[in-house]
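Working notes, structure below.
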Amino acid sequence: MSTTTARLAARRLIVLGILLSLWEVLSRFGVYVPPPSKVGATLFALFADGEIWTHIEATFGAALLGLALGVIVGAILGVSAALLPQVGEILDPAMTVLNAVPRIILAPLFVIWFGIGIASKVAVTFVLIAVLFFFAVYTGINEVDQRLVERVKTLGGGRSILLREVYLPAVTAWALSNLKVAVGFAFTGAVVGEFVASSRGLGYLLSFAQSTYNASLTLALLLLVIVFVFVLFALAGRLEKRLLRWR
């Protein structure tokens, strides 16, 4: 770790310590919010009995499966719409309308269609990611300099050469730049789907905490989700840097 990175980490830890201290003090003086010590104790209790792992597995499974399916399908649709004008004339307005609608509101409908199991959570996550990656890939291909495309064609490059040497690098840059957003969307879809109707998962626990007015449990679960998302953000950032070193 470089000196600059170490100093940045130290400053962030100091700020975090100050905020937690203020939070603890305010909670002791009548502000209606559980202190960090109580939230920490709740987190410890969740992991101590081991039951939390079943809920984490459910949320992770739905989020990652929906993320993978959304990336694949969104990318395929984006490529098809960008390279086939007839397909683009249909998909572009359809995806624009779907993007304008808050897709989270589809969660209750998916529960009706697919039940309270993992399928409805995967469906919510899938729709969120597929639309995001459709526009990432579609925009990435359309933003390619057409003069470059014409030069490649002039030199005898066919569609396969264009895809591999021109479109793929452009699409990779656009897609990876949206990967962090996609990770957040994936967990949003999974947790919201579980919050609407589920028998397990972090969203289910959040729904239970809300129904019992358990502020400590609510904050502990929110903190847990934030930590997981930050970890995945860091992994996505490292993947982005590794794959875009050519830039």
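The values are calculated or read from the model by the stated rules, or taken from the named source; none is laboratory data. Every value quoted in this text rests on a predicted model; they were computed, and no experiment measured them. A quick note on method: Cβ atoms are made from the backbone with ideal geometry, for glycine too, and the neighbour counts reach across all protein chains shown. Areas reflect the complete protein model, heavy atoms only, side chains present, ligands, DNA and RNA absent. Shrake-Rupley method; radii C 1.70, N 1.55, O 1.52, S 1.80 Å.
Tabulated results
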quantity	calculated
Residues (touching a Phe, Trp or Tyr at 6+ places or on another chain (Cβ under 7 Å) and under 24 Å from residue 190 (Cα atoms)) located in segment 34-58	55
Top-ranked residue in segment 192-222 [being part of a loop (DSSP other than H, G, I, E, B) and of a type outside the set (Val, Ile, Thr); ranked as least open to solvent (accessible area, probe 1.4 Å)]	201
Any hit, segment 223-240, residues being on the phi > 0 side of the Ramachandran plot, open to solvent by 70 Å² or more (accessible area, probe 1.4 Å), over 15 Å from the mean Cα position of the chain (by Cα) and not aliphatic (A, V, I, L, M)	no
Filter pass, residue 171 being β-branched (Val, Ile, Thr) and either modelled with pLDDT under 65 or more than 30 Å from residue 110 (Cα to Cα) (or both)	yes
Any hit, segment 38-55, residues being surrounded by 14 or more Cβ atoms within 10 Å (Cβ to Cβ), under 25 Å from residue 123 (Cα atoms) and either among the small types (Gly, Ala, Ser) or at pLDDT 85 or above (or both)	yes
Of all residues making up segment 105-131, the number that are open to solvent by 30 Å² or more (accessible area, probe 1.4 Å) and closer than 19 Å to residue 178 by Cα	1
Pair list, Cβ < 9 Å and 6+ apart or interchain, from segment 211-240 residues that are within 27 Å of residue 41 (Cβ to Cβ) to residues that are loosely packed, with under 13 Cβ neighbours inside 10 Å	215/32
Segment 173-191: number of residues that are surrounded by fewer than 21 Cβ atoms within 10 Å (Cβ to Cβ) and closer than 20 Å to residue 124 by Cα	4
